[in-house]
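Read the structure below first, then the notes.
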């Protein structure tokens with residue numbers, strides 16, 4: 001279940017990072033709130049159907065119902081992000097501009113609210129199965145703490161990156177601005193975090209030290225025989241202690257913990273418990289925790305290498321310019337939106353199939369180590385058979401992160417009969433690891449050897465590519481709109497005007513470009529660019545085509561800068577009457593028009 005939750009939160013983080021805040025929302029706040037509350041009611045109804053359509057009488061059925069609810073929560077959260085512009089509203093939080101972490105945190109909290117509603121509705125089923133009485137806040141908090149361990153590293157890294165970006169330390173800024181500086185800092189901080197993180201996780205999971213007993217003494221002696229050091233042996237109260245599992249956390253002995261649930265301790269004989277500990281020690285001996293770090297970091301650091309050609313392909317596709325034309329959205333936001341699905345597939349595919357492949361085979365390596373350490377497969381086989389029976393006859397139940405219990409037992413028997421299979425399996429795992437590492441290195445080499453002009457690392461780096469598209473399709477106004485937007489982002493205003501003028505020539509009724517050009521001619525820092533009379537003409541044309549609040553705001557500013565304050569006030573009031581999302585800006589503009597004298601014309 002924890003593995004599924006990891007993928008859920010990875011998807012949510014991807015949604016947050018791929019749904020840009022934008023400059024405005026496509027819905028009025030009241031409309032967005034109405035849709036949100038309606039959607040929340042639908043979500044609540046669906047959860048009641050999931051947890052109430054049939055009695056949930058086993059832990060496996062409860063886990064399946066919670067899985068359905070979590071996936072539904074992701075869908076509803078994605079609607080908030082992509083259709084209701086939740087990230088736009090979160091970006092207006094205090095300090096969100098200098099600390100983008102706060103916008104991401106707010107998005108994560110919104111998703112957590114969906115989960116909290118699910119846990120509230122699931123509580124009666126949980127109590128019936130596990131026999132533990134909680135009040136609703138305590139039950140929700142217990143679930144939150146369990147899942148916090150999954151997202152806390154990302155939250156800490158995001159906050160640390162934002163703070164480093166703001167730090168007035170020249171050497172830090174030089175490192176961050178270098179080609180690999182940010183990646184190196186992230187790797188260093190992530191490594192430190194992984195080392196000390198287990199000490200925090202055991203507190204979040206309410207683990208407690210295993211009391212002195214013959215069982216603990218036997219585990220300690222076995223670890224000494226295996227030459228494995230650790231900080232402590234902990235009781236893990238997963239699912240009120242009724243889950244049948246064990247684990248190991250920590251890559252250094254000072255922060256390494258052995259975990260075992262009360263149910264497993266109760267169900268196993270001393271020999272069987274020793275086999276379980278041998279399995280967990282196998283993960284330590286085979287350096288699986290370090291290899292998991294490699295799998296995660298390798299993917300994270302390779303993402304820019306994958307993103308660059310993907311963005312290039314999307315930015316030069318017909319789908320992209322058709323969406324820009326149809327939606328009128330800023331091209332950078334459109335590009336981020338249409339790149340979301342490929343990244344979804346990439347993240348889910350990597351963790352479900354690549355990481356899942358290694359997880360299954362790491363578990364098999366740990367099984368084989370246990371068999372060798374205790375010189376027999378029988379104790380571990382008995383453990384597997386007990387877990388299969390006590391968990392509801394799940395012997396042949398498949399899993400993306402473990403081989404089925406039946407498969408694990410069969411392989412243990414074959415390996416005991418033919419020990420050469422152990423070396424063959426190790427060789428298979430390490431060959432695939434080398435192959436994956438070569439893929440990561442190849443991606444990096446390809447990325448750095450590709451000419452800059454052919455690579456769109458961000459929408460602002462696409463000018464050369466867009467110019468090539470203009471040569472191929474000179475009558476398509478969208479390429480000129482995008483080219484102007486890119487130049488504007490880089491404050492190349494002369495090139496911006498030239499591109500937008502060409503766009504207007506090809507599409508005279510493109511109100512957004514008319515409005516954008518008018519705004520530039522009114523607000524440019526370059527005095528030679530300012531042209532209020534022409535801006536007034538452009539803003540009038542745009543307002544006739546579409547009198548939206550942001551276009552009326554531009555028209556009001558044009559009236560004011562041309563010496564017509566009364567018209568500016570009336571136009572801004574009209575814009576405010578449409579109840580735009582960023583209402584504070586419009587009110588500030590109105591006060592300016594009412595209280596300040598228009599500038600003297602210099603043209």
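The values are calculated or read from the model by the stated rules, or taken from the named source; none is laboratory data. Since we're looking at a predicted model, the values are computed, not measured. As a convention, Cβ positions derive from the backbone with ideal geometry for all residues, glycine included, and neighbour counts pool all protein chains shown.
So, in the stretch 1-43, of the ones that are touching a helix residue (DSSP H, G or I) at 6+ places or on another chain (Cβ under 7 Å) and modelled with pLDDT of 85 or more, which residue ends up surrounded by the fewest Cβ atoms within 10 Å (Cβ to Cβ)?
39
Would you check which residues across the stretch 379-398 are modelled with pLDDT under 90 and surrounded by fewer than 16 Cβ atoms within 10 Å (Cβ to Cβ) and list them?
Within the stretch 379-398, 389, 390, 392, 393, 396, 397, 398 meet the criteria.
Can you confirm whether the stretch 82-89 contains a residue that is in a helix (DSSP H, G or I) and over 24 Å from residue 344 (Cβ atoms)?
As a first pass, look at the stretch 82-89 and keep what is in a helix (DSSP H, G or I): 82, 86-89.
Those still in the list that are over 24 Å from residue 344 (Cβ atoms) too: none.
Looking through the stretch 82-89, none of the residues is in a helix (DSSP H, G or I) and over 24 Å from residue 344 (Cβ atoms).
Yes/no per residue for (1) in contact with a strand residue (DSSP E or B) (Cβ under 7 Å, 6 or more places away or on another chain); (2) in contact (Cβ under 8 Å) with a residue 12 or more places away in the chain; (3) more than 17 Å from residue 518 (Cα to Cα):
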position: 548; (1), (2), (3): no, yes, no
position: 558; (1), (2), (3): no, yes, no
position: 566; (1), (2), (3): no, no, yes
position: 589; (1), (2), (3): no, yes, no
position: 592; (1), (2), (3): no, yes, yes
position: 600; (1), (2), (3): no, no, yes
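From 507, 539, grab the single residue that is under 18 Å from residue 480 (Cα atoms) and either in contact with a helix residue (DSSP H, G or I) (Cβ under 6 Å, 6 or more places away or on another chain) or in contact (Cβ under 8 Å) with a residue 24 or more places away in the chain (or both).
Working: 539 fails: under 18 Å from residue 480 (Cα atoms).
507 is the lone residue from the list that is under 18 Å from residue 480 (Cα atoms) and either in contact with a helix residue (DSSP H, G or I) (Cβ under 6 Å, 6 or more places away or on another chain) or in contact (Cβ under 8 Å) with a residue 24 or more places away in the chain (or both).
Among the residues of the stretch 287-302, is any at pLDDT 85 or above and outside any helix (DSSP H, G or I)?
Yes, the conditions are met somewhere in the stretch 287-302.
If a residue must be surrounded by fewer than 15 Cβ atoms within 10 Å (Cβ to Cβ), over 16 Å from residue 365 (Cβ atoms) and touching a helix residue (DSSP H, G or I) at 6+ places or on another chain (Cβ under 9 Å), how many such residues does the stretch 399-417 contain?
1
Within the stretch 184-217, take every residue that is surrounded by 17 or more Cβ atoms within 10 Å (Cβ to Cβ) and not in a helix (DSSP H, G or I) and give me the one that is modelled with the lowest pLDDT.
205
Can you go through 220, 229 and tell me which one is at pLDDT 90 or above and assigned to a helix (DSSP H, G or I)? It would help to see each step written out before you state the result.
Working: 229 fails: assigned to a helix (DSSP H, G or I).
220 is the lone residue from the list that is at pLDDT 90 or above and assigned to a helix (DSSP H, G or I).
May I ask you to list the residues in the stretch 522-536 that are without any contact (Cβ under 8 Å) to a residue 40 or more places away in the chain, surrounded by 15 or more Cβ atoms within 10 Å (Cβ to Cβ), more than 38 Å from the chain's Cα centre (by Cα) and under 20 Å from residue 494 (Cβ atoms)?
Hits for the stretch 522-536 are 522, 529, 534, 535.
Restricting the search to the stretch 363-398, which residues are closer than 25 Å to residue 63 by Cα, part of a loop (DSSP other than H, G, I, E, B) and in contact with a helix residue (DSSP H, G or I) (Cβ under 9 Å, 6 or more places away or on another chain)?
391, 392, 394, 395, 396, 397, 398
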